[in-house]
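Visitor: Structure below; questions to follow.
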Amino acid sequence: MTTPDTDLTPDPDDLGTPGLSGGAGAGGGTMHIGELAERAGMSLRTIRHYDEVGLLVPSGRTAGGFRTYTDQDLDRLLVIRRMKPLGFSLDEMADLLTVVDGLRGSAGEPTTDGDRGLLAARLDSFIEDAQARHEGLLERVAMAEEFLGTLQTLRASAP
């Protein structure tokens, strides 16, 4: 059984010609899901799941119906990928992406100074939360290192 982030089997719907400009890596055009997966270090299955739940919607589709993604989509996917090990839920990821979109002005509506202030405050809250989760991970790593030391000491004394 494969894990979601190692399953690189393409969906027949996602096969086709490269992006319009030879891929986003070659001049900032578009890329298909396979290139996006490779560049992000994620599986096609995981990317499709993020599409299904609305976290990462393709920027477009080719005339043949194939998903196309941009470098901005890759940046969005990398934010999602970085949140995952910190234990953020899909809803929390969606909330942060809404904040990011609003601050970047890509939410589709003009952002007033008041809105930007509220978005910045929400971002500050995410920063504090991420810092606390990071601290928790560091504590777990320290415990894991201590455990490994215990095992290595035990092994050194065994025949």
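Visitor: Rank by packing, highest mean first: peptides 142-155, 111-124, with packing defined as the count of other Cβ atoms within 10 Å averaged across residues. Please list the in-between numbers first.
Guide: On the way: 142-155: 9.8, 111-124: 12.6.
Ranking the peptides 142-155, 111-124 by packing returns 111-124, 142-155.
Visitor: First measure r as the distance between the Cβ atoms of Arg61 and Ala130, then evaluate 1/(1 + (r/R0)^6) with R0 = 30 Å and state the FRET efficiency to the nearest 0.05. Please report the intermediate quantities before stating the final value.
Guide: Working: r = 33 Å, r/R0 = 1.11.
With a Förster radius of 30 Å, E is 0.35.
Visitor: Moving on to the next point. Between Val141 and Ala120, what length in nm is gained on full extension when 0.36 nm per residue of separation is reduced by their alpha carbon distance? Write out the running numbers ahead of the final one.
Guide: Values: separation 21, 0.36 × 21 = 7.56 nm, distance 3.10 nm.
Taking 0.36 nm per residue and subtracting the Cα distance, the gain is 4.5 nm.
Visitor: Also, I was wondering about something else. Starting from the residue with the highest accessible area, list Arg45, Arg104, Arg133 in decreasing order, probe 1.4 Å.
Guide: Details: Arg45 120, Arg104 160, Arg133 55 Å².
So, going from the largest accessible area down, we get Arg104, Arg45, Arg133.
Visitor: Amide H of Gly60: which non-local residues (sequence gap of 5 or more, or other chain) have their own amide H closer than 5 Å, using H built in the peptide plane?
Guide: So Gly60 has HN proximity to Thr68.
The values are calculated or read from the model by the stated rules, or taken from the named source; none is laboratory data. Fair warning: this is a prediction, and the values are worked out from it, not measured in the lab. Cβ sites come from the backbone with ideal geometry, for glycine too, and all protein chains shown count toward neighbours. Calculation scope for accessible area: heavy atoms of the full protein, side chains included, ligands and nucleic acids excluded. Shrake-Rupley method; radii C 1.70, N 1.55, O 1.52, S 1.80 Å.
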